[in-house]
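**Student:** Got a structure for you, written out below as C-alpha cells; questions coming shortly.
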Amino acid sequence: MYLQPSQIRHVQLDFTSKCNLLCPACARVERGAVNPRLPLSELEWSPGVDRFFSPEFCAQLDYVLFSGNYGDAAAASGLPQFVERLLARGLKCISISSNGSLRTPEWWSDLGGQLKGRGQIIFSIDGVGDVNARYRVGSNWEKILANIRATAQTGVLLRWDFIVFRHNEHQIEEARELARRLGFNQINFRSPSRLSLQPSMGFEPPFNPQYAPQNAQQLSQIQAKYGSFEQYVKQTRIHCKTQLDHPSVFLDFRGEIWPCTWLGAPPYLPAESQQSIDLEKLRRYYEPGFNSIEKHSLAEILAHPFFAQDLEQSWRNSDQRLFTCGRTCGENFDYTCLIRYSNSHMETLKARSSCT
Ligand SMILES: C[S@@+](CC[C@H](N)C(=O)[O-])C[C@H]1O[C@@H](n2cnc3c(N)ncnc32)[C@H](O)[C@@H]1O
Ligand code: SF4
C-alpha cells in the first residue's frame, strides 16, 4: 500500500499550467516557447476539490505546497480565493513557490498578509540583477525587487531559492547579503541536479564543489557498476521519498492524484520520453479517471490497485517498474534538489525560518 489517507502529512499542488516565464529546462518550455501540448488552465474550487480538502483532511496536514511541474501559482487568477478557503478549513501552513516577476506589489502585500503566521512564500530567483534572467527567461529584476519588498513588509516567512549555475556562482555571497537586507528568513542554494542527466540547454553546473551536483560523481560510479544509467534504473533498490520520508500525495491542475510530482509530470512531456511511454501503458491498463478527485474520494484512490499494490510491486520487479521511480528514488543517485537531500543547501538568516 502506498499510504493510507490518515498517513498523509502534506499535499503538493501543481495549481496551474500558466506562467509568465520561459525557463529553458522547465517542463512547460520546449525550444524556447510554451510546450505546444500543454493546455493552459488552473485548478478551480470544484465539488471534487471541496471533498478532497475536507476540514478533517486539512486539519491533519502539516502543509500544502503550491509548486509543481508546469506553472506558477501566482499566475493563476484564483489563487487568493483558493488560499482563503484552505485556511478557513483549518490548514496550518501554505507554502507558495513563485518566480516573483508577475503581479503588483499590492497583490503580493495582500498574499503576504493572508499567509502571515500561516505560511511562507518562496521566491525562485537564480541570480542578482540581470543575471537572473539568463535562466528565468522573461523576468524583470526591478519588478521582482518591488514585489519582494512589499511581501517582506507583511512579516510573512520568506525563502529565496537560488539554483547555482556556472553563470551565477560568482553571486552567491551577493545574494546572501541581499537576502538579509530584504528580510528573507532563509536562502536555499540548490545544485542543478538535473544537468547531470540532461547536460544540454546551454547551462553548466558550478565549478564550486560545494554547490556542484553530487550526482555527477554518482553517475560515473553507476556506469562502472551497472554499465548504463538505464540498467541502474531497472536494478536499483527503491526508497520512495514521498512514501517514506515525506508522506504525501501530489495533486495536479487537472485534479489527478499521483504519489509525487515526478510521476505526475509525464502527461505533457515529449511522447518519445521513457516517462511518457510508461504513462501511456499505465493509462491503457487502468480505467480513465482512476486517480481523479472529481470521480473518487482520496480513500477510493489510495485503495485503487495502482496505489494499493501495483506501484510497490513494480519497485520489486525490474521489468515492470516505472523509469521515473528508478531514476528519482533509486538509492545511489540524488536526482532531486528537495530540501534535506544532498542537492539543497539551506541557510537560515533569521531565527524563525519555516513551516514546511
Ligand atoms: C516548475 S517550478 C513551479 C514553481 C514556480 N514557477 C517556480 O519557478 O518556483 C517548480 C520548481 O522547479 C524548479 N526548477 C526550475 N528549473 C529547474 C532546474 N533546471 N533544475 C531544478 N529545479 C528547477 C523551480 O525553481 C521550482 O522550485
Ligand atoms: S517560473 Fe517556474 S513554472 Fe515558470 S517557466 Fe520557470 S520554472 Fe517553469
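**Student:** To make sure I understand, if each residue's beta carbon is the centre and we count other beta carbons within 10 Å, what order do H296, H239, H167 fall in, fewest to most?
**Tutor:** Lowest to highest Cβ neighbour count: H239, H167, H296.
**Student:** Taking every Cα atom in region 223-356, find the radius of gyration and the maximum pairwise distance Dmax, and write them in Å.
**Tutor:** 16.4, 51
**Student:** Follow-up question, since we're still on this one. With the crude spin-label approximation of a point 7 Å out along Cα→Cβ, what separation in nm comes out for N332 versus S220?
**Tutor:** Between N332 and S220, the label points sit 1.5 nm apart.
**Student:** Describe numerically, in nm with one decimal, the distance between label points set 7 Å from Cα along Cα→Cβ at R181 and at Y286.
**Tutor:** 5.0 nm
**Student:** Can you list the cysteines of the chain that have no other Cys Cβ under 4.7 Å away?
**Tutor:** Taking the Cβ cut-off of 4.7 Å, the unpaired cysteines of the chain are C19, C58, C240, C260, C325, C329, C337.
**Student:** Still on this model: Over the Cα atoms of region 1-150, compute the convex hull volume and normalise it per residue, giving Å³.
**Tutor:** 126 Å³
**Student:** Report the local net charge at V128: Lys and Arg +1, Asp and Glu -1, summed over other residues whose C-beta lies under 11 Å from its C-beta.
**Tutor:** -4
**Student:** Reported to two decimal places, what Rg/Rh ratio describes region 222-285 when computed on Cα atoms with Rh from the Kirkwood expression?
**Tutor:** With Rg and the Kirkwood Rh in hand, the quotient comes to 1.03.
**Student:** Starting from the Kirkwood radius over alpha-carbon pairs of region 122-185, derive D by Stokes-Einstein at 10 °C in a medium of 1.306 mPa s and give it in µm² s⁻¹.
**Tutor:** In µm²/s, the coefficient rounds to 133.
**Student:** Could you give the C-alpha radius of gyration of the chain expressed as a fraction of 2.2 N^0.38 Å, taking N as the number of residues it contains?
**Tutor:** 0.97
**Student:** Which aspartates and glutamates, if any, have their Cα less than 20 Å from the Cα of K234, not counting same-chain residues under 8 positions apart?
**Tutor:** Within the straight-line cut-off, K234 pairs with E272, D278, E280, D310, E312, D319, E331, D334.
**Student:** So, one more: If each residue's Cβ is checked for other Cβ atoms within 10 Å, how do V156, V34 rank with the fewest at the top?
**Tutor:** V34, V156
**Student:** What number, in nm² with one decimal, is the all-direction average of the projected area of the convex hull of the alpha-carbon atoms of region 1-46?
**Tutor:** If you wrap the Cα atoms of region 1-46 in a convex hull and average its projections, you get 5.4 nm².
**Student:** Could you name the lysines in cross-link range of K143, using Cα to Cα under 27 Å and dropping any fewer than eight places away on the same chain?
**Tutor:** K18, K116, K350
**Student:** Would region 278-323 count as rounded, prolate or oblate if I go by the C-alpha gyration tensor, calling it rounded below 1.5 in a/c and otherwise prolate when a/b exceeds b/c, oblate otherwise?
**Tutor:** oblate
**Student:** For region 87-200, what are Rg and Dmax over the alpha carbons, in angstrom?
**Tutor:** Cα radius of gyration and Dmax of region 87-200 are 14.6, 45 Å respectively.
**Student:** Compute the distribution of all C-alpha to C-alpha distances in region 16-77, in bins of 10 Å from 0, and list the percent of pairs in each, rounded to whole numbers.
**Tutor:** Using 10 Å bins, I get a P(r) of 20, 40, 25, 13, 1 for region 16-77.
All of the numbers you see were taken from the coordinates with simple rules; none came from a lab. This one's a predicted model, so the numbers in the text were calculated from it and none came from an experiment. Reconstructed Cβ throughout: ideal geometry from the backbone, glycine too, with neighbour counts over all protein chains shown.
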